[in-house]
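J.: Sending over a structure as structure tokens; questions will come in a sec.
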Amino acid sequence: MEKNYKTLIALFIALLLISVSGFYNSYFRYFPEFENTPFFTHIHFIIFLSWFAILISQPFLIKQKKFSLHRKIGRFSYFLTPIMVVSILVMVRLSVAKNLAISSQQAAIATAGALLDATFFSAFYIISMVHRKNIRRHVAFLIGASLVILNPGLGRLISYLITQEFGVLVMILTPYIVSLTILFYEKFKLKRPLLKSPYLLVATLWTLEIILFITLPNTSFWNVF
């Protein structure tokens, strides 16, 4: 999987397009005036696009054997990724009042989901960078990070097209579907050990996020926070 550069590029482009499509009703349909849209939303969107631009360019550069440029852009991600996490946290802060106007429960759930996404996106990215010399693990955890930041846009897109409940279900299942599909492809096609697969750890960490997402909003600590 990690050396199938065309598939990786196609996967990352698909994740970008799905995520962007999910924010059509809340962002893009207001173009070009963007009335009542906080200015920081534009900054967040630029940071988001920049991160995906890096993600899409990296396998392309490897395929073209431009290793030096690949490393330089990879180092730039050390700077960009913390900024992206901070921008997610700022967007969470901006959305709290809006969600509280709906209900305190809505605010608790939405805030927990966003903060957990920021946390696990960071975790996947850090693990990927720690294993940057192991291309299989490096790519696996970058895919994991991408699936985490895909989910807000994906959930909104499915909610617009079908129902909110189905949108939540798709958000929960998509990281499992992608990671386990790759895991079983490697097991049966490439004869790689199942229990040593980094995609199994991706699915396990995602399970941990889901457990926290279910339990955290119902705690008194979180509601006070």
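J.: For every helix of n ≥ 4 consecutive DSSP H residues, a contribution of -39,500 (n - 2.57) applies; sum these over the chain, divide by its total residues, and give [θ] at 222 nm rounded to the nearest 500 deg cm²/dmol.
T.: -28500 deg cm²/dmol
J.: Connecting C-alpha atoms closer than 10 Å in a GNM of the chain, tell me which of Ser197, Ser77, Ser104 has the biggest fluctuation.
T.: Top of the fluctuation ranking is Ser104.
J.: Still on this model: Would you list which aspartates and glutamates come within 17 Å of Lys191, measuring only between C-alpha atoms, while excluding same-chain residues fewer than 8 positions from it?
T.: Glu2
J.: How much length is gained on full extension from Leu194 to Lys63, taking 0.36 nm per residue of separation minus their Cα-Cα distance?
T.: Contour length minus Cα-Cα distance gives 44.4 nm.
J.: When ranked by the protection proxy of mean other Cβ atoms within 10 Å per residue, highest first, what sequence do the peptides 164-172, 117-125 form?
T.: Numbers: 164-172: 15.9, 117-125: 20.3.
Order by mean packing, descending: 117-125, 164-172.
J.: Right, another one. Rounded, prolate or oblate: pick one for the range 1-81, where a ≥ b ≥ c are the square roots of the eigenvalues of its C-alpha gyration tensor, a/c under 1.5 means rounded, and failing that, prolate if a/b is larger than b/c, else oblate. Intermediate results must be reported in sequence, preceding the final value.
T.: Values: a/c = 3.77, a/b = 1.88, b/c = 2.01.
Oblate is the answer for the range 1-81, as a/c is 1.5 or above yet b/c matches or exceeds a/b.
J.: Most mobile of Ser179, Ser21, Ser68 per a Gaussian network model of the chain (Cα springs, under 10 Å)?
T.: Of the options given, Ser68 has the highest mean-square fluctuation.
J.: Let me ask something else. So if I average 1/r over every pair of distinct C-alpha atoms in the chain and take the inverse, what Kirkwood radius in Å does that give?
T.: Values: mean 1/r = 0.0540 Å⁻¹.
Across the chain, the inverse of the average 1/r is 18.5 Å.
No value in this document is a laboratory result; all are computed from the given coordinates. Small disclaimer: the values here were computed from a predicted structure and weren't measured. With ideal geometry, Cβ positions are generated from the backbone for all residues, glycine too; neighbour counts draw on all protein chains shown.
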